[in-house]
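Below: one structure, written as structure tokens.
Bear in mind that the values in this text are calculations on the coordinates, not laboratory data. Computed from a predicted model, the values in this text were never measured in an experiment. Every residue, glycine among them, receives a Cβ derived from its backbone with ideal geometry; neighbour counts consider all protein chains shown.
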């Protein structure tokens with residue numbers, strides 16, 4: 001039998017290195033409104049969870065439903081999110097490419113001050129999105145919040161059609 005509090009309860013924040021989390025337990029009346037108007041299987045938008053009386057700073061996203069207890073809302077936001085604006089931080093690196101053998105491209109990321117922050121080897125036919133995901137994992141940031149700038153000044157986008165080997169010729 002689920003436990004329903006008299007008033008909305010907020011957990012302490014906790015984190016895993018990429019996100020901070022918090023869970024909110026709804027009282028029975030608010031839980032029934034949620035279920036009645038949105039269904040148990042629908043994630044809530046910010047406007048919807050605020051309309052239930054849940055408050056919180058900006059940037060929180062209802063990200064998963066715990067089916068055994070749909071009256072408990074699970075929220076997360078990227079670490080470093082500005083609580084006033086909800087804007088997440090962006091990490092920016094300059095990317096240097098060099099061939100290492102016939103089928104391997106070495107990718108070195110530097111800060112704009114020229115300090116090397118990471119280096120990785122990739123298959124020459126890898127795409128920018130693969131490179132971004134691996135670099136983000138190494139640096140402990142979210143791929144969508146990682147901006148990669150080629151030494152030419154071009155921003156490398158995930159929809160980039162050129163392969164990493166093709167980016168060598170730009171240097």
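Computing Rg and the Kirkwood Rh from the Cα coordinates of segment 3-58 gives a ratio, Rg/Rh, of 0.98. The angle between the Cα long axis of helix 28-38 and the longest principal axis of the Cα atoms of the chain comes to about 60 degrees, rounded to the nearest 10. When Rg and the Kirkwood radius Rh are both evaluated on Cα atoms of the chain, their ratio Rg/Rh stands at 1.15. Take 73-80, 57-64, 151-158 and order them by the average number of nearby Cβ atoms within 10 Å per residue, most first; the result is 73-80, 57-64, 151-158.
DSSP beta bridges fully contained in segment 91-168 are about 75 percent antiparallel. Relative to the longest principal axis of the Cα atoms of the chain, the long axis of helix 128-139 makes an angle of roughly 70 degrees.
Against the empirical 2.2 N^0.38 Å (N residues), segment 69-132 has a Cα radius of gyration ratio of 1.69.
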